Amino acid sequence: MLAARPYRDRFRRALGVGRGQRLVLLNSTWGPRSLLGDGDGEGAAGEGGGGDDTLPALLPRLASELPADEYRIAAVLHPNIWHGHGPGQIRAWLDRARRAGLALIDPLEDWRQALLAADVVIGDHGSVTYYAAALGTPVLLGAAPLDSLDPDAPVADFIRTTPGLDARAPLRGQLDALIESHIPQPGPMRFTSSVPGEAAVRLRRAFYGLMAAPEPPGPALLLPLPLPDPEPAPRTAPLYVLTRCLAGPEVVVTRYADPAREPDGAGDAHLAVHEDTRDPGQLSLADVVFRDGAPDDPRFGPPGRWAAEVLDRHAHCALAAYVTGPSSCVVRTRGGALLRLTGGPEADADPALYASAVHAWLAAGRTLAVLVADGLTVRTGSTAHHVVVTAEADRPAAGGTWPRLSPTPADRSSAHGGDAGTPRAGRRSPRPGS
C-alpha cells in the first residue's frame, strides 16, 4: 500500500470517485461485535458497545444525508462475512444500498486500493480499519468492542483514542469535521511496521534463513497493486433533486438517492427516476426519466426514439435522458427539442445530473437558445462542470414519424401541477420509494 500511494488518483477514478467528491469507505470485520454484526452489547461506539446492526441502520442514513454527487460510498466486508453468509445473501441484504450507489469492494483483491482511495473510513476493531489509520486516513468507529480486546494490544489503544460515530447526530457534519481537522495518530503506523518500506527485503531474508538456503542475488520486489476494474455508480433508486438556477447560465444541483425523508435544502425539487427502477410506479411521478446504454443498442433504438417513447408513455415526464457514455447523454424535452449534453474536459459528473440541470433551467422559464449558444455550468457542492449543449437532428422511426409527444386530453386532466405539456417549477415531488 505504501508503494502504491502515488497511484491514489487512479484508484479513485477506477472506483468512480470524481472531482470534488469524498469517498466514504465502510469497513467491517466478522463477528457479532463488528460493524455488520448483530450486536450483543449495549452502549455507544467507543464505550464497550457492540455493532447493534450499525451498518444496516447507517446505509439509508448515508443515502439520505450525503448528496449523491458530492460523496461516493463503498464497503469492504471481511472475507469471512462473504464465506459465512454467501455472496447472494450479502448482496440481498445490501441491495437497496447498492441501488442507491453503494460499491461493494472485492475483499481479496481491491480492499487495499479502496483504502488508499478513501477520504474517511467508518470501521470497527478489525485490521483493515487499523491499516487505514496507519495510512493516515481519518477513521470514525461505528463499532468498538473494547471489552473484548486485550487491553495491552495496540488495537485497544487505537479504539480508546479514536473518535466514535454519534448515531444521534447528523452524519455529514461528523464526517466533514473529522476530515478537515484530522491529525494522524503515530501509533498505528509504528505498530504496523517498525521499518516501513522494508518488509520485502527483511521477510525474504528471514524466509531463506529459515530454509538454510542462499538468498537470491536480485532485489526483493513487490508485486504492484493492480488497478481495480472500473466501478461505476449505477443508481436505479429514485433521485430526489434540489436545484437553483443562477445567471451564467449556471444551475446548482443536489441529488439524494432514495432518501428516507425529504432532505433539507433550498431550491426547487423534482424527481429523477431510472427506467430500470425496482418500483415502476415511481416512473409515473417522475419529472425526469433516464437510462444508460450504448447509443446503438437495438433493444432501445436510437436515443432520440427511446426518449420520444418515454415521453409518450409517461405523461407527467418533462424530460427524458439517455446516457450514452461517461460524459454525455441525449435528452428530449416535452416540447420536442432533441439535445446532446457533453461534459467539458474537466467535467466528470454523472450525465444524468446534466439532464436534471437542463430540466430545472427550462422549468424556471429560461430558454434553450441560451444553453445552445453558451453551454451550461452545473455545480455540485464546490465543483463546477461545464456542459456543451448541442441541438441534434431528429431521425424518424421506420414508419416515418416519431411517437406522439403531447399528452392526450385525458392525460392532461389527470396531470399533477397543471399542464403536463410544460415543465413544472418548484413542485415538491413525493418521497422516493426504494
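The values are calculated or read from the model by the stated rules, or taken from the named source; none is laboratory data. Just so it is clear, the structure is predicted and the values come from calculations on it, not from any experiment. Note that we place each Cβ from the backbone using ideal geometry, even for glycine, and neighbour counts take in every protein chain shown. Please note that ligands, DNA and RNA were not included when accessible areas were found on the heavy atoms of the full protein model with its side chains. Shrake-Rupley method; radii C 1.70, N 1.55, O 1.52, S 1.80 Å.
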(message) Which of the numbered conditions does Val289 fail, given that it passes all the others? Conditions: (1) closer than 25 Å to Asp95 by Cβ; (2) open to solvent by 40 Å² or more (accessible area, probe 1.4 Å); (3) not acidic (Asp, Glu).
(response) (2)
(message) Please go through (1) of a type outside the set (D, E, K, R); (2) surrounded by fewer than 18 Cβ atoms within 10 Å (Cβ to Cβ); (3) within 24 Å of Ala257 (Cβ to Cβ); (4) at pLDDT below 90 for Ser64 and return the number of the only condition it doesn't satisfy.
(response) (2)
(request) Might you check whether a residue that is open to solvent by 10 Å² or more (accessible area, probe 1.4 Å), outside any strand (DSSP E or B) and basic (Lys, Arg) occurs anywhere in segment 295-305? (result) yes
(message) I'd like the full set of residues that are modelled with pLDDT of 95 or more and buried (at least 16 other Cβ atoms within 10 Å of the Cβ), limited to segment 177-198.
(response) Leu178
(message) When you check Gln174 against the structure, is it under 26 Å from the mean Cα position of the chain (by Cα) and open to solvent by 30 Å² or more (accessible area, probe 1.4 Å), yes or no?
(response) yes
(message) Contact list please: Cβ distance under 8 Å, first residue in segment 259-271 and modelled with pLDDT of 85 or more, second residue polar (S, T, N, Q) and in a loop (DSSP other than H, G, I, E, B), pairs at least six apart or on different chains.
(response) Ala269/Ser429; His270/Ser429; Leu271/Ser429
(message) Anything in segment 98-114 that is modelled with pLDDT of 95 or more and open to solvent by 60 Å² or more (accessible area, probe 1.4 Å)? List them, or say none.
(response) Arg112
(request) Return the residue satisfying two criteria in turn: it lies in segment 118-132 and is assigned to a helix (DSSP H, G or I) and open to solvent by less than 10 Å² (accessible area, probe 1.4 Å), and of such residues it is nearest to Arg33 (Cα to Cα). (result) Thr129
(request) Can you give me the number of residues within segment 1-29 that are farther than 18 Å from Pro345 by Cβ and either without any contact (Cβ under 8 Å) to a residue 40 or more places away in the chain or in contact with a His (Cβ under 6 Å, 6 or more places away or on another chain) (or both)? (result) 2
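Residues in segment 239-256: is at least one aliphatic (A, V, I, L, M), touching a Cys at 6+ places or on another chain (Cβ under 6 Å) and either at pLDDT 95 or above or open to solvent by 60 Å² or more (accessible area, probe 1.4 Å) (or both)?
Yes, that holds for at least one residue.
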(request) Name the one entry in Asp95, Asp69, Asp150 that is open to solvent by 30 Å² or more (accessible area, probe 1.4 Å) and under 30 Å from Val378 (Cβ atoms). (result) Asp95
(request) Being among the acidic types (Asp, Glu) and surrounded by 12 or more Cβ atoms within 10 Å (Cβ to Cβ) narrows it down to one of Asp166, Asp229, so name that one. (result) Asp166
(request) Write out, first by first residue and then by second, each pair whose Cβ atoms fall under 6 Å of each other, whose residues are 6+ apart or on separate chains, and whose first residue, in segment 326-352, is on the phi > 0 side of the Ramachandran plot while the second is open to solvent by 10 Å² or more (accessible area, probe 1.4 Å). (result) Gly336/Leu405
(message) Where the second residue is open to solvent by less than 30 Å² (accessible area, probe 1.4 Å) and of a type in the set (D, E, K, R) and the first is within 13 Å of Thr129 (Cα to Cα) and lies in segment 159-170, which pairs have Cβ atoms under 9 Å and are six or more apart or on separate chains?
(response) Ile159/Asp124
(request) List the number of the failed condition for Pro230; all other conditions in (1) under 27 Å from Gly335 (Cβ atoms); (2) in contact with a helix residue (DSSP H, G or I) (Cβ under 7 Å, 6 or more places away or on another chain); (3) in contact (Cβ under 8 Å) with a residue 60 or more places away in the chain hold. (result) (1)
(message) Of the conditions (1) open to solvent by less than 30 Å² (accessible area, probe 1.4 Å); (2) at pLDDT below 90; (3) within 30 Å of Ala4 (Cβ to Cβ), Ala220 satisfies every one except a single condition; which number is it?
(response) (2)
(message) So if I check each of Ala272, Ala266, Ala286, Ala260, which one is outside any helix (DSSP H, G or I), under 26 Å from Thr367 (Cβ atoms) and out of contact with any strand residue (DSSP E or B) (no Cβ under 6 Å at 6 or more places or on another chain)?
(response) Ala266
(request) Starting from segment 118-131, take each residue that is in contact (Cβ under 8 Å) with a residue 40 or more places away in the chain and under 16 Å from Arg172 (Cβ atoms) and list its partners that are of a type in the set (A, V, I, L, M) and assigned to a loop (DSSP other than H, G, I, E, B), counting only C-beta distances under 7 angstrom and pairs at least six apart or across chains. (result) Ile122/Leu165
(message) Testing Arg299 on (1) closer than 30 Å to Leu108 by Cβ; (2) over 20 Å from the mean Cα position of the chain (by Cα); (3) basic (Lys, Arg), one condition comes back false. Which one is that?
(response) (1)
(message) Taking the condition of being at pLDDT below 95, out of contact with any Gly (no Cβ under 8 Å at 6 or more places or on another chain) and among the acidic types (Asp, Glu), how many residues in segment 1-41 meet it?
(response) 0
(request) From Thr367, Thr380, grab the single residue that is modelled with pLDDT under 95 and either hydroxyl-bearing (Ser, Thr, Tyr) or crowded, with 24+ Cβ neighbours inside 10 Å (or both). (result) Thr367
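Okay, residues lined up against (1) among the β-branched types (Val, Ile, Thr); (2) open to solvent by 10 Å² or more (accessible area, probe 1.4 Å); (3) assigned to a helix (DSSP H, G or I):
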| residue | (1), (2), (3) |
| --- | --- |
| Leu59 | no, yes, yes |
| Ile73 | yes, yes, no |
| Ile90 | yes, no, yes |
| Leu116 | no, yes, yes |
